[in-house]
Amino acid sequence: MLDPGHGGIDTGTHGLDGELEKDIVLSFASEIRDRLEKSGKYRVLMTRSDDTFIALNDRVRFARSHGAALFVSIHADALPKKEGQAEGATVYTLSEHASDAEAARLADDENKADVIAGVDLTAEPDDVANILVDLAQRETKTFSLQFAHSSVKEFKTVARLHKRPLKSAGFVVLKAPDVPSVLIELGYMSNRGDLNHLVDAEWRGKTAAALAHAVDDFFAPRLAGAAAMGQRR
Ligand SMILES: [Zn+2]
């Protein structure tokens, strides 16, 4: 499940020349979808494939109801001028305790989507009221970290990475207890170098190919296991 961040009334962050995060992440996610589909190995769904607002919890629910084996949320960050400069891609996994102040600030920003569109979260059913959830979550966490590591490894070959490329924070979209999930910030739209990459079709192609490799790395052991099971039958 690919999850291009934001959409509709929620534009996400802005680039130096007025580019919108919601547009950039949608083109990037579509690029990865096309690559993965071409391989013939995966069924790829997107939480949105046009400029539509989708509430954060609906994104999670959509992934779970389709039994997604992996959830990849795609975003791009921006730093306010007074906070100086930062560059490069960062891969996030879920944690209740953000790994640093910037991670906490970012999770707050990204989680604001539902506030922007006036979605009332108090009526959400408590999905997590299940004794099995804790066990499932531990396995999910391990898988999420595996995918985060291989994404960083693959990204290293084609893209600039943040000085600390693996982080964790409390992103709402990463909260499915049973779907391995990561959130990728492709780079900083407030940084000229990163922005030039983000709007460049060639860079997006290379980086999407790298991420498709990470997806292959992630699923290879599972697909091999499934094939072996098939033969034993
Ligand atoms: Zn975002």
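The values are calculated or read from the model by the stated rules, or taken from the named source; none is laboratory data. This one's a predicted model, so the numbers in the text were calculated from it and none came from an experiment. Reconstructed Cβ throughout: ideal geometry from the backbone, glycine too, with neighbour counts over all protein chains shown.
Do we find that Ser49 is over 30 Å from Ala224 (Cα atoms), among the polar types (S, T, N, Q) and more than 14 Å from the ligand (Cβ to nearest atom) in this structure? In short, yes.
Take the conditions (1) away from the ligand (no atom under 14 Å from the Cβ); (2) in a loop (DSSP other than H, G, I, E, B); (3) farther than 22 Å from Pro180 by Cβ; (4) not small (Gly, Ala, Ser); Lys82 misses just one of them, which is (2). When the criteria are applied in full, Asp100 fails the requirement of being within 13 Å of the ligand (Cβ to nearest atom), over 25 Å from Trp203 (Cα atoms) and exposed (fewer than 15 other Cβ atoms within 10 Å of the Cβ). Number of residues in the range 79-92 that are buried (at least 24 other Cβ atoms within 10 Å of the Cβ) and in contact with a His (Cβ under 7 Å, 6 or more places away or on another chain): the value is 2. For the range 157-196, the set of residues classified as among the basic types (Lys, Arg) and either touching a strand residue (DSSP E or B) at 6+ places or on another chain (Cβ under 8 Å) or buried (at least 17 other Cβ atoms within 10 Å of the Cβ) (or both) consists of Arg160, Arg164, Lys167, Lys175, listed by residue number.
On the stretch given as the range 134-153, residues that are among the β-branched types (Val, Ile, Thr) and without any contact (Cβ under 8 Å) to a residue 24 or more places away in the chain total 1.
Filtered by the rule that a residue be within 10 Å of the ligand (Cβ to nearest atom) and either surrounded by fewer than 16 Cβ atoms within 10 Å (Cβ to Cβ) or part of a loop (DSSP other than H, G, I, E, B) (or both), the range 1-30 gives Gly5, His6, Thr11, Gly12, Thr13.
Would you mind stating whether Ile32 is among the aliphatic types (A, V, I, L, M) and closer than 23 Å to Ala103 by Cβ?
For Ile32, the condition - among the aliphatic types (A, V, I, L, M) and closer than 23 Å to Ala103 by Cβ - is not met.
Looking across the range 9-33, the residues that are under 17 Å from Asp216 (Cα atoms) and touching a residue at least 60 places away in the same chain (Cβ under 8 Å) come down to Glu31, Ile32.
Given the options Ala123, Ala101, Ala117, Ala78, name the one that is at pLDDT 85 or above, among the small types (Gly, Ala, Ser) and more than 17 Å from the chain's Cα centre (by Cα).
Going through Ala123, Ala101, Ala117, Ala78 in turn, just one is at pLDDT 85 or above, among the small types (Gly, Ala, Ser) and more than 17 Å from the chain's Cα centre (by Cα): Ala101.
Of the residues that make up the range 182-198, is at least one of a type in the set (Ser, Thr, Tyr), in contact with an Asp or Glu (Cβ under 6 Å, 6 or more places away or on another chain) and in contact (Cβ under 8 Å) with a residue 12 or more places away in the chain? There is at least one residue in the range 182-198 that is of a type in the set (Ser, Thr, Tyr), in contact with an Asp or Glu (Cβ under 6 Å, 6 or more places away or on another chain) and in contact (Cβ under 8 Å) with a residue 12 or more places away in the chain.
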